[in-house]
Amino acid sequence: MKIIYTFILLIIGLLFFNNSKILLAQGKVHEVIIQSDTIQYYEIKLNDGTELKGTIKKQDSKLAITTQNLGVVLIDIDKIHSIKSLQATDMNSKYWFKNPRDTRYLFSPSAFNLQKGEKYYQNTYIALNSMDFGITNHFSVGVGLEIFSTFVSLSQGQFMPIFYITPKIATQIKPNWGVGAGVIYASIPNFSDERMGLGLAYAVNTLGNREHNLTLGIGFPFIRAEGLEQNLSQRPVFTLSGMTRISHKMALVSENWFLPISEMDRASNYYGFWTYGMRFLGQKISIDLAFINNRDIAQGIFIGIPYLDFAVKF
């Protein structure tokens, strides 16, 4: 387990080092943006939840926001909750809404994090249901429940579902480089009085922006059960995932896993699974339609096993 702790501590150290610069900058973000005459596009959130998008310019105690649909709108500065710079992606003179689901590919995470107060619900194969919460701009927690095990255990007079938790810390070192670390941990019942835990402690490195990115991940699986606590393998799990937005409402997504296996079972030291598919985007919702494949699956199902999920952001 020492190597796992080393990875986690390394990422935490990067977080604290980088946050010292971020916190200094946050105190001046309003001043910098409001005092600038710019054609940069921004998203302005008000205290009552109203959202406006446009270019901005300070005008005495009010902010003049030039929007596409409402023209110039004057807002009291003290009514502004937050101001965010939008991705400078322009298509036919219309700005795309920001990617509603940039913190995760199909299952594996990126080094982008939910902002404080943001959250989303995700459903996979109907059975897996999860909620992710942005605790701070750099720390989030996801919790999930598998419903079929819930029904089976209830039919036996117990409530022993499969559930999981996914805490993550992440930060941007540079505009196109982010790092993160976390744990994916699932508690699995054996339909007696005991449970078994399976986990993966991981670190990720993401290159690119929230619309076009590539992530390399490394993780160490472990198991916890009654009288047993150990690594499942001395060699790490690797992931290589990517996403690119090809239109206003569509992106391509790929997630690939490389799992260590016994040399006695396979000629290769690693056994791979790869996925490829499309992500359909709305302002608050995303739907993934993809396929899971590898050399063995392709022998029976050439295009792979269908994968379907959807997520709603709040």
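The values are calculated or read from the model by the stated rules, or taken from the named source; none is laboratory data. This structure is a prediction, so every number in the text was calculated from the model and none was measured. FYI the Cβ positions are ideal-geometry reconstructions off the backbone, even for glycines, and counts take in every protein chain you see.
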Could you tell me whether any residue of the range 56-69 is in contact (Cβ under 8 Å) with a residue 24 or more places away in the chain, hydrophobic (A, V, I, L, M, F, W, C) and loosely packed, with under 14 Cβ neighbours inside 10 Å? no
Can you tell me which of (1) free of Cβ contacts under 8 Å to residues at least 40 places away in the same chain; (2) assigned to a strand (DSSP E or B); (3) aromatic (Phe, Trp, Tyr) is the one Trp257 doesn't meet? (1)
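Of these, Phe133, Phe159, which one is outside the structural domain of Lys84 (by TED's automatic domain parsing), outside any loop (DSSP other than H, G, I, E, B) and not aliphatic (A, V, I, L, M)?
Answer to the selection: Phe133.
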Using the structure shown, decide if Tyr307 is surrounded by 13 or more Cβ atoms within 10 Å (Cβ to Cβ), in contact with a Ser or Thr (Cβ under 6 Å, 6 or more places away or on another chain) and not β-branched (Val, Ile, Thr). no
Let me spell it out: the conditions are (1) part of a strand (DSSP E or B); (2) closer than 23 Å to Asp288 by Cα; (3) touching a residue at least 40 places away in the same chain (Cβ under 8 Å), and Phe112 meets all of them except one. Which number is the exception? (1)
Set Phe280, Phe314: member being farther than 21 Å from Ser247 by Cβ and under 20 Å from the mean Cα position of the chain (by Cα): Phe314
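Do any strands (runs of 3 or more DSSP E) lying entirely in the range 41-99 carry at least 3 residues that are more than 22 Å from Met243 (Cβ to Cβ) and at pLDDT below 75, and which ones are they?
Numbers: elements: 42-46, 51-59, 62-67, 71-76, 80-85.
The strands (runs of 3 or more DSSP E) meeting that bar are 51-59.
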Can you pull out the residues in the range 191-237 that are modelled with pLDDT under 75, in contact with a strand residue (DSSP E or B) (Cβ under 6 Å, 6 or more places away or on another chain) and under 30 Å from Phe151 (Cβ atoms)? Ala225, Leu232
